[in-house]
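What follows is one structure encoded as structure tokens, with my remarks underneath.
The values are calculated or read from the model by the stated rules, or taken from the named source; none is laboratory data. Computed from a predicted structure; not experimentally measured. With ideal geometry, Cβ positions are generated from the backbone for all residues, glycine too; neighbour counts draw on all protein chains shown.
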Amino acid sequence: MVSSRVNAISESSTIKLLNKENELRKKGENIISFSIGEPDFTTPRNIIDFAYKSMLEGKTHYTPSSGIPMLREKIAEKYSKRYSIDLNSNNVLVTPTKFALFISIFSLVDEGDEVLLPDPGWVSYSEMVKMAGGIPKFYSLKENDGFSIDQEDLKNKINEKTRVILINTPSNPTGTIIKKEDMDFLKDFVMERNVYIISDEIYDKLVYDGNFVSILNYPEIFHKTIFVNGFSKSHAMTGWRIGYMIAESDLIKIFDKVQQHTLTCAPSISQYAALKAIDDDKSVMEMVDEFKKRRDYIYSRISKISIFNTVLPNSTFYIFPKFNLPMNSMEFSELLLEKAKVSVVPGISFGKNGENHIRISFATSMENIKEGMDRIEDTFK
Ligand code: PLP
């Protein structure tokens, strides 16, 4: 028998689709994948070279659990400058981004505490809350207003059991950033209540237009803030498993305890790679330019297909069109796989409000995007 906590976790709802996709591939079908959640680029060469050199120099041992001092300092320095906030290395814990989210939820949530999550929102938040013994509750994003936060809904959902509000800007799956007026609202909301705010900003470098506002823009609530970020999406480093969290030093000490007794430390090699990556804005800009071209192209193509209604994503490599057909998102995704030979993620995976949507990732070559869009267009002619 496994524990009731683990029993409560849902398996990925897309497994069935993935199996079908693999079956089709085995039969020799050429499937275009729009379901990928990671950049198609290889990690920039200078980062790989630096990590390799570090390995040869023997940087292959345990590091301090909170991360190598120089990396923590550089991260603190970078965000101090970027958001005019006073940070030092004691405000930083180096850890894989997903684990940073888990550590913060695990450390702040007691049995039966509630955590408010965005709907639609990324698939792992709710399962992490359950693993920590908490109860996931959802606040809506308003699609008719560019997926802005439904402030009334958030006010209605909060109660004395709410411990954490989680936000994700830019958002997976909507591809949109939280507007300044909503961030201002969140600041007041959190300030007046006994809650923490976890802000997952892992896509913050992939912003194409609009005024991006970080939770670190609000030093007034820094003592209640856990900021989470990483190198996966910005530097094409998903496989290195490297990210970080920023919070008050007392909180970081608590998070570090969890890290000490679980992960020990982030992989040393990846930490050295991150030391190079953090100064490499040039590679990020090149990838962002390419993503923006793809975003413009795919949005123009999708907008011309009459069954779709689509919010222009101003960030990330996702687009989240709503389809107008009498079927649910799982059926629609199966149809796309079978008829168009294109794989997407059904919107229901991201919550109730994701139903009747699909998530298309444009983290694939322009050639694939063109071919995939031709196939989708032909299917619904
Ligand atoms: N947060 C969001 C919104 C994500 O989409 C992802 C990955 O897909 C993560 C966090 C986790 O990032 P990593 O793979 O670097 O741990």
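Listing for the model above:
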quantity: Selection count where residues are within 16 Å of the ligand (Cβ to nearest atom) and either within 26 Å of Ser234 (Cα to Cα) or surrounded by fewer than 17 Cβ atoms within 10 Å (Cβ to Cβ) (or both), scope region 150-191; calculated: 14
quantity: For Phe99: the one exception among (1) part of a helix (DSSP H, G or I); (2) within 10 Å of the ligand (Cβ to nearest atom); (3) touching a helix residue (DSSP H, G or I) at 6+ places or on another chain (Cβ under 7 Å); calculated: (3)
quantity: Among the residues listed as Asp279, Asp256, the single one being buried (at least 17 other Cβ atoms within 10 Å of the Cβ), more than 16 Å from the ligand (Cβ to nearest atom) and of a type in the set (Asp, Glu); calculated: Asp256
quantity: Top-ranked residue in region 259-275 [being within 15 Å of Phe102 (Cβ to Cβ) and under 22 Å from the mean Cα position of the chain (by Cα); ranked as surrounded by the most Cβ atoms within 10 Å (Cβ to Cβ)]; calculated: Ala266
quantity: Test: residue in region 359-368 that is of a type outside the set (Ser, Thr, Tyr), under 11 Å from Pro173 (Cβ atoms) and outside any helix (DSSP H, G or I); calculated: yes
quantity: Any pair with Cβ under 7 angstrom, 6 or more apart, that starts in region 247-268 at a residue that is touching a residue at least 60 places away in the same chain (Cβ under 8 Å) and ends at one that is outside any loop (DSSP other than H, G, I, E, B) and surrounded by fewer than 13 Cβ atoms within 10 Å (Cβ to Cβ); calculated: Glu248/His223
quantity: Filter result (more than 14 Å from the ligand (Cβ to nearest atom), assigned to a helix (DSSP H, G or I) and under 19 Å from the mean Cα position of the chain (by Cα)) within region 216-253; calculated: Leu216
quantity: Near pairs, Cβ below 6 angstrom, 6+ apart or cross-chain, from region 22-42 (in contact (Cβ under 8 Å) with a residue 60 or more places away in the chain and more than 30 Å from Ile202 (Cα to Cα)) to any residue that is among the aliphatic types (A, V, I, L, M) and more than 16 Å from the ligand (Cβ to nearest atom); calculated: Leu24/Ile31
quantity: Which listed residue is free of Cβ contacts under 8 Å to residues at least 12 places away in the same chain, away from the ligand (no atom under 16 Å from the Cβ) and assigned to a loop (DSSP other than H, G, I, E, B), from Asn211, Asn194; calculated: Asn194
quantity: Residues satisfying the stated conditions in region 34-80, i.e. in contact with a strand residue (DSSP E or B) (Cβ under 7 Å, 6 or more places away or on another chain) and at pLDDT 95 or above; calculated: Phe34, Ser66, Gly67, Leu71, Arg72, Ile75, Ala76, Tyr79
quantity: Boolean, Ser3 is more than 16 Å from the ligand (Cβ to nearest atom) and either surrounded by 14 or more Cβ atoms within 10 Å (Cβ to Cβ) or without any contact (Cβ under 8 Å) to a residue 40 or more places away in the chain (or both); calculated: yes
quantity: Top-ranked residue in region 74-96 [being in a loop (DSSP other than H, G, I, E, B) and not small (Gly, Ala, Ser); ranked as surrounded by the fewest Cβ atoms within 10 Å (Cβ to Cβ)]; calculated: Asp86
quantity: Considering residues of region 39-73 that are of a type in the set (D, E, K, R) and farther than 17 Å from Phe99 by Cβ only, the residue surrounded by the most Cβ atoms within 10 Å (Cβ to Cβ); calculated: Asp40
